[in-house]
Amino acid sequence: MSIISILFYFLSFLAVGSAIMMLISKNPIHSILWLIVIFFAISGHYVLMNAQFLAIVNIIVYAGAIMVLFLFVVMLMNLNAETEPVKNHRLQLIGVVSGGLLLLVLLSAVMKTKANLPVQMVVGEEGLIQNLGKTLFTYYVVPFELSSILFLSAMVGAVVISKKD
Amino acid sequence: MNAIVVSAFMGILMMFTGAFVKNRAVPRYLAIAGAILLFLANAIELKQGQPLFHINIYDMLKTSSYSLGFLAVMIGCLILLFLLSGEDIERVGHDVGEYFALIFFVMCGVAICATFNTLLFLFLGIEILSIPLYILTGSNKRNLLSIEAALKYFLMGSFSTGLLLMGIAMVYGGTPNASFYIASIDVGNTATSPFIIIGLILMLVAISFKVSAAPFHFWAPDVYDGAPTVFTSFMSTIVKVAGFLAFIRLFENSFGAIHKDWQKLIVVITIATLFIGNITAIFQQSVKRMLAYSSIAQAGFMMLALFALNDRAKEGMVLYAAAYSIAAIGLFGIVSRMNEFTISDFNGLGKTHPVVAFTATIFLLSLTGIPLTAGFQSKLYMLTSVVENSNQVWLVIVAVIFSAISAYYYFRVIQAMYFKEPNTEDPVELWNINGWFKSVLILLAILTIIIGIYPEWILGWLYYW
């Protein structure tokens, strides 16, 4: 077993394990910290696939910005044992059943696919920042520019929502 | 392409108007002019067959005269909405220019949804269309219901966006050579990878959410009820119809070969939508909420186009878009001039406001699907397409029964307007019913009748080239 396979399995178990921990931990702050661990594990996967830029951006955007936002929201909402909403067992059951069904479908798809392509690591140069920039500003330039409308509308919206009436 | 560029430009222009122009009426006139410009730009592209801007987009956007014709119908409805309810947009709050800017950004998303050829653009279109709507829903900041609706819409909408993205990722991984182009997903029945099937189901769920088809409709009544009425009018007509256009484009081009397999899912969604929309609408006392549920019911009828997915269904979809949007814009326009929305507030409207009551009657008849109105023609096209596709007559019968049920709650409003005495001690005031408002209402009613008698007038443009 090469060092890359060992790293791959380690990161995979880390990601899945911390995802489960995120779901089952009672304290919302702990959930968020576990989520950060997931993002680091996924960034590790990106590095293994030779996509360094994506790995760094993933950490900066998700583990940096989004997580801080989540923490702020959780702190502002002041979640603690007294304000915890009453859990509806019927809804929980429905959620478990429907989520389990989705898992079943996903698993059956994975089983059906012939796994004749092993995971390829550290091959290809698509993820390098030079190639990424070239593709982004030539082939994908129109979608790239159009996504600015999305951000512009979100910015206008944020101003409209937060401005004093 | 023309419509995308012009609407984005108009959005930015409206944004600056909101910042620098103090006169509150200016944004409205500018918006009407901008909507007409948008219509003209789209018409030029339809006429010339190519956009004004020659940019190499590697076929990521693909126009056909069908998509441009459909887009023209939606932009036409936007012009009518501005003409009828422009003053109501001004009344919502202080940031008039920004509201119009957000509406134009939504139209940019609508134009992308009409012309996308890759999954990347599908996602961009649906997101550009959704995010400004969350803001418009919550734009009435003094009303708690509006804020609650915005938060609910935002949370549920983000969740469905997540499902859409996951579906796109699955489909992307399942295509033979990892391609974003929607045509490359269609690899025939035998070669379809299980991942494409999962992606299909996830995308079906996500877009059903956007068009408020049951069982993914739970956000719709509260959001349509809580949002300012004029924005409810916008998102339950033009935006919902754009969702259907994206739906048809994606499923026809990507999953056409396995149409028979997912047709069963569409049947379930259609009948559930018709059932929940119609039955719940019966029990509503507020006309605005009744229209919200009836909008779900009409979405059920539009799902029939996805079931049949032949040429007649696509024609019927355009007719349905025009008929439903015009009638709903008219009705919401009237409702937005009232302070209270209960059915008893419509009592005796036939005597106090004869023009308003008469046009409202035509819109309600069109929504029910009475002959000579646009609603009848569009429902006829939808049902014919189902029979042409698979001879599933039982589905047609079910749809007709639900259409008959819908007559109950639509006719209740007509009955209140003409056969009940006006409330004397607490008369309902309709805000600012002037000659302009009345003439636009009459224009909408005339359009409803024209499309009902002569639908080829619109359909001809779909086969321009």
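Just one of the listed residues (B:LEU145, B:LEU120, B:LEU163, B:LEU151) is hydrophobic (A, V, I, L, M, F, W, C), over 14 Å from B:PHE234 (Cβ atoms), surrounded by fewer than 24 Cβ atoms within 10 Å (Cβ to Cβ) and in contact with an Asp or Glu (Cβ under 9 Å, 6 or more places away or on another chain), and it is B:LEU145. Evaluating B:VAL92 against the criteria (1) touching a residue at least 60 places away in the same chain (Cβ under 8 Å); (2) within 11 Å of another protein chain (Cβ to nearest Cβ); (3) buried (at least 23 other Cβ atoms within 10 Å of the Cβ) leaves one unmet condition, (3).
Kindly indicate whether any position in the stretch A:70-77 is part of a helix (DSSP H, G or I), more than 12 Å from the chain's Cα centre (by Cα) and closer than 23 Å to B:MET170 by Cα. Within the stretch A:70-77 (the criterion being part of a helix (DSSP H, G or I), more than 12 Å from the chain's Cα centre (by Cα) and closer than 23 Å to B:MET170 by Cα), the answer is no, since none of the residues qualifies. Scanning the stretch B:24-48 for residues that are part of a helix (DSSP H, G or I), touching a residue at least 40 places away in the same chain (Cβ under 8 Å) and over 11 Å from B:PHE100 (Cα atoms) returns B:ILE36, B:LEU38, B:PHE39, B:ASN42, B:ILE44, B:GLU45, B:LEU46, B:LYS47. Residue check: B:PHE216 meets all listed conditions (1) under 14 Å from B:TYR293 (Cβ atoms); (2) within 14 Å of chain A (Cβ to nearest Cβ); (3) crowded, with 22+ Cβ neighbours inside 10 Å but one, namely (1). Could you tell me whether the stretch B:60-72 includes any residue that is within 14 Å of chain A (Cβ to nearest Cβ), among the hydrophobic types (A, V, I, L, M, F, W, C) and under 26 Å from A:ALA154 (Cβ atoms)? Yes, because at least one residue in the stretch B:60-72 is within 14 Å of chain A (Cβ to nearest Cβ), among the hydrophobic types (A, V, I, L, M, F, W, C) and under 26 Å from A:ALA154 (Cβ atoms). Restricting the first member to the stretch B:326-344 and to residues that are modelled with pLDDT under 90, and the second to residues that are among the acidic types (Asp, Glu), the beta-carbon pairs closer than 7 Å and six or more apart or on different chains are B:SER336/B:ASP88; B:MET338/B:ASP345; B:ASN339/B:GLU429.
Each row is one residue, and each column tells you yes or no for (1) in a helix (DSSP H, G or I); (2) more than 9 Å from chain A (Cβ to nearest Cβ).
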| site | (1), (2) |
| --- | --- |
| B:PHE121 | yes, no |
| B:LEU124 | yes, no |
| B:LEU129 | yes, yes |
| B:PRO132 | yes, no |
| B:LEU136 | yes, no |
| B:ASN140 | no, yes |
| B:SER146 | yes, yes |
| B:ALA150 | yes, no |
| B:LEU155 | yes, yes |
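Out of all the residues in the stretch B:399-417, is one or more assigned to a helix (DSSP H, G or I) and over 25 Å from B:PHE283 (Cα atoms)?
Looking only at the stretch B:399-417, we keep the residues that are assigned to a helix (DSSP H, G or I), and these are B:399-417.
Imposing the further condition that a residue be over 25 Å from B:PHE283 (Cα atoms) reduces the set to none.
Looking through the stretch B:399-417, none of the residues is assigned to a helix (DSSP H, G or I) and over 25 Å from B:PHE283 (Cα atoms).
In the stretch B:428-445, is there at least one residue being within 22 Å of B:SER286 (Cα to Cα), charged (D, E, K, R) and surrounded by 16 or more Cβ atoms within 10 Å (Cβ to Cβ)? No.
Residues B:THR448, B:THR424: which one is among the hydroxyl-bearing types (Ser, Thr, Tyr) and surrounded by 14 or more Cβ atoms within 10 Å (Cβ to Cβ)?
Numbers: B:THR424 fails: surrounded by 14 or more Cβ atoms within 10 Å (Cβ to Cβ).
Result of the check over B:THR448, B:THR424: B:THR448.
For residues in the stretch B:108-118 being more than 11 Å from chain A (Cβ to nearest Cβ) and among the hydrophobic types (A, V, I, L, M, F, W, C), which is nearest to B:SER65 (Cα to Cα)? Per the stated criteria, the residue is B:ALA114.
The values are calculated or read from the model by the stated rules, or taken from the named source; none is laboratory data. None of these values were measured; they are calculated from a predicted model. We place every Cβ from the backbone using ideal geometry, glycine too, and count neighbours over all the protein chains shown.
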